[in-house]
Amino acid sequence: MLQDKDRIFTNLYGQGDVGLQGAIARGAWDGTKGFVDQGRDWITNEVKASGLRGRGGAGFPTGLKWSFMPKVSDGRPHYLLVNADESEPGTCKDREILRHDPHLLVEGCLLASRAMDAHLA
């Protein structure tokens with residue numbers, strides 16, 4: 001069983017402050033600038049090594065998906081899309097993150113954007 005110390009989303013039950021100060025107190029944004037400064041390849045490799053998978057039904061490896069983005073721009077913009085749709089039968093996983101731990105989502109979007117060289121969201 002997952003232990004509380006191993007949880008990524010530490011406010012899913014909505015017991016803490018959902019604002020910026022509450023998120024920082026729970027560890028959000030800690031070291032983010034340093035991660036961004038390491039560069040896109042470093043971020044992608046760290047995510048690959050972590051074994052992080054998508055939250056959808058297929059569970060596709062996140063770092064592998066990010067590595068598919070072209071390394072050299074052809075002039076077209078790279079977009080980051082966030083899908084929080086819960087149309088799969090019986091799911092209610094995304095709304096709790098959006099409601100109770102939104103800063104972790106925004107922090108993740110920043111890191112994903114850096115890893116994929118996305119400039120538009």
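At-a-glance table
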item: Residue match in segment 24-44 (condition: in a helix (DSSP H, G or I) and closer than 25 Å to residue 86 by Cα); result: no
item: Hits in segment 105-121 - residues which are in contact (Cβ under 8 Å) with a residue 60 or more places away in the chain, over 12 Å from the mean Cα position of the chain (by Cα) and not in a loop (DSSP other than H, G, I, E, B); result: 116
item: Which listed residue, of 71, 65, is farther than 19 Å from residue 31 by Cβ, among the charged types (D, E, K, R) and not in a helix (DSSP H, G or I); result: 71
item: Any chance residue 89 is in contact with a His (Cβ under 8 Å, 6 or more places away or on another chain) and either part of a loop (DSSP other than H, G, I, E, B) or closer than 17 Å to residue 9 by Cα (or both); result: no
item: Extreme residue, nearest to residue 117 (Cα to Cα), among residues of segment 57-99 that are surrounded by 13 or more Cβ atoms within 10 Å (Cβ to Cβ) and polar (S, T, N, Q); result: 67
item: Residue within segment 96-104 that is under 26 Å from residue 14 (Cβ atoms) and in a loop (DSSP other than H, G, I, E, B) present; result: yes
item: Conditions (1) in a loop (DSSP other than H, G, I, E, B); (2) free of Cβ contacts under 8 Å to residues at least 40 places away in the same chain; number of the one not met by residue 10; result: (2)
item: So residue 50, is it polar (S, T, N, Q), surrounded by 11 or more Cβ atoms within 10 Å (Cβ to Cβ) and under 21 Å from residue 101 (Cβ atoms); result: yes
item: Flag for residue 5 being in a helix (DSSP H, G or I) and modelled with pLDDT under 85; result: yes
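The values are calculated or read from the model by the stated rules, or taken from the named source; none is laboratory data. Note that this is a predicted model, so its numbers are computed, not measured. Don't worry about glycine lacking a Cβ; one is built from the backbone with ideal geometry, like all the others, and counts go over all protein chains shown.
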